[in-house]
Structure formats: C-alpha cells, structure tokens
Amino acid sequence: QAADSKREQFRRYLEKSGVLDTLTKVLVALYEEPEKPNSALDFLKHHLGASAPENPEIEALRLEVAEMKEKYEAVLEENKKLKTKVTVYSASLGSSVLH
C-alpha cells in the first residue's frame, strides 16, 4: 500500500506541475495527425520542446546571438571593402613608383 501511496503522490505532483496536461496534449496531437510520422518519439520530442515555456535567459541569448551575427556580417563586409581599397591603393602605388 506504501507503493500505491507513492504512486498517487507522484501522479498528483505530475498533475499539479502541468506535466500530465502537456503530455496529454502532445499525445492527442500525435493521435490526430492524419499522416503518422515515421518516428513517434521524434514527434514527441519536437512538440514537447516547442510547447515548453521559453526561458527568458535563453531568449535573451538568442537575441544577443542574432545581434552578433549582424555585427559579424557587417564587419565581414567592411573587411571586404577595405581589402579592395588596399589592393587598389597598392596597385596605384606600384604603378606610380614605376613612372
């Protein structure tokens, strides 16, 4: 009977924390899927990850990464332009030295 009590406590814990509701929703979504995926486990993983509440810290990091990517692309573009200028100036210096 102690095992039943522990199971019931665990079930209440899962219910209170929203785990049962979330699992039920994902399983219902899989059940209602017209074309069943090849991997039910991948379906569950994908949908559980997508339905989890977003951690604000993770969202902040995503924004930071997006900003850094933009800055990186801008620096690459600037670097490309500067290399072109250096090549042009080097070529003009080389030809003026010859004349």
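The values are calculated or read from the model by the stated rules, or taken from the named source; none is laboratory data. In this text the structure is predicted, and so the values were computed from the model without any measurement. Neighbour counts are summed over all protein chains in view; Cβ atoms, including those assigned to glycine, are modelled from backbone coordinates with ideal geometry. Protein only, heavy atoms only, side chains kept; ligands, DNA and RNA dropped before computing areas. Shrake-Rupley method; radii C 1.70, N 1.55, O 1.52, S 1.80 Å.
Mind checking the dipole of the chain: about its Cα centre, +1 per Lys or Arg Cβ, -1 per Asp or Glu Cβ, Debye to the nearest 20?
Numbers: 15 positive and 17 negative charges, 71 e Å.
Dipole magnitude for the chain comes out near 340 debye.
What list of ³J(HN,Hα) values in whole Hz, one per residue of segment 3-19 in order, does the Karplus curve 6.51 cos²θ - 1.76 cosθ + 1.60 (θ = phi - 60°) give from phi, with Gly and Pro shown as x?
3J(HN,Hα) across segment 3-19, in whole Hz: 5, 4, 5, 5, 4, 5, 4, 5, 4, 5, 4, 5, 5, 5, 7, x, 5.
Using only Cα atoms, find the angle between the long axis of helix 56-98 and the longest principal axis of the chain, and express it within 0 to 90 degrees, rounded to the nearest 10.
On a 0 to 90 degree scale, this one is about 10.
Under the rule of -39500 (n - 2.57) per DSSP H run of 4 or more residues, summed and divided by the residues of the chain, what mean residue ellipticity at 222 nm is obtained, to the nearest 500 deg cm²/dmol? Kindly include the intermediate steps, with their values, before the conclusion.
On the way: 4 runs with 84 residues, N = 99.
Value at 222 nm, helices only: -29500 deg cm²/dmol.
Could you tell me whether the chain comes out rounded, prolate or oblate from its Cα gyration tensor? Rule is a ≥ b ≥ c as square roots of the eigenvalues, rounded for a/c under 1.5, then prolate if a/b exceeds b/c, otherwise oblate.
Because a/c hits 1.5 or more and a/b exceeds b/c, the chain counts as prolate.
If I take R0 = 25 Å and measure r between the Cβ atoms of L30 and N55 in this structure, what FRET efficiency does the formula 1/(1 + (r/R0)^6) give, to the nearest 0.05?
Values: r = 25 Å, r/R0 = 1.00.
With R0 = 25 Å, the Cβ-Cβ based efficiency is 0.50.
Using a 1.4 Å probe, what is the accessible area per residue for the chain, in Å²? List each step's numbers first, then the result.
Numbers: 9090 Å² over 99 residues.
Solvent-accessible surface per residue comes out at 92 Å².
Compute the long axis of helix 40-51 from its Cα atoms, compare it with the longest principal axis of the Cα atoms of the chain, and write down the angle in degrees, 0 to 90, nearest 10.
70 degrees
When the accessible area of segment 54-98 is split by element with a 1.4 Å probe, what percent falls to carbon and sulfur? List each step's numbers first, then the result.
Values: 2710 of 4230 Å².
The value for segment 54-98 is 64 percent carbon and sulfur by accessible area.
Sorted by mean Cβ packing within 10 Å, highest first, what order do the peptides 20-28, 35-43 take?
In descending order of packing, they fall as 20-28, 35-43.
Determine the gain in length on full extension of the stretch Y13-L76; use 0.36 nm per residue of separation and subtract their C-alpha separation, reporting nm with one decimal.
Values: separation 63, 0.36 × 63 = 22.68 nm, distance 5.21 nm.
Between Y13 and L76, full extension yields 17.5 nm more.
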